[in-house]
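Data block below; observations after.
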Amino acid sequence: MCDYSLHFVASRPAKVGDKLVTTKFGNSITGGFAAIGEPNVAVCLLPGTEVAFEQEVEVDHAFGRLLPRLRFGRIEASVARFRQINMDQPHTHHDALEFPNGQVVPLTRLREGQFATVLQLPASPKPLDGRGSAELPAPTRTEFVD
């Protein structure tokens, strides 16, 4: 999904293997991912999409650029899963990354110029009954006897 603030930016869905860069879009109040070679096109991720960064992820932090050796604004991870947050608040940013340590960071806080690759898209349900229904069957209880 692309955040509400990217509605006036050209966009396309992410594909496995896409090479992305974090950016701020010129005709928007926000930032996100653009594909390498397509700086004015937002690449929209679905919740559950997994991305791998070339280096540890950095967020904008007031002291991060002044004192880089102290690692302000660094997240000690280079892989993340895309998710949406604050969906009950219609006029706030929803796009975020969740890191293995549980930390959730809005995309708008990512430092520009970081490179990532789309590793995996979320699984979509497949029809199970041959009629196009994607509903899963009700779970059944199996008892094991020794």
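Observations on the model:
- Footprinting exposure proxy for Phe99, Phe115, Phe82 (fewest neighbouring C-beta atoms within 10 Å first): Phe115, Phe99, Phe82
- Relative contact order for the range 4-120: 32 percent, from Cα pairs under 8 Å spaced at least 6 residues apart, divided by residue count.
- A dipole drawn for the range 4-120 from +1 and -1 charges on Cβ atoms has a positive end, and of Phe99, Val59, Leu6 the residue lying farthest that way is Val59.
- Applying 0.36 nm per residue to the separation of Ser11 and Phe99 and subtracting their alpha-carbon distance, the gain on full extension is 29.2 nm.
- Potential extension, Ser78-Phe115 segment - 0.36 nm per residue separation minus Cα distance: 12.3 nm
- Every Cα-Cα pair in the range 4-120 was counted, and those over 18 Å apart are 49% of them.
Read the figures in this text as sums done on the coordinates, not as results from a lab. As the structure is a prediction and not an experimental result, all values here were calculated from the model. Positions of Cβ are generated from backbone atoms using ideal geometry, with glycine treated the same way; all protein chains shown enter the neighbour counts.
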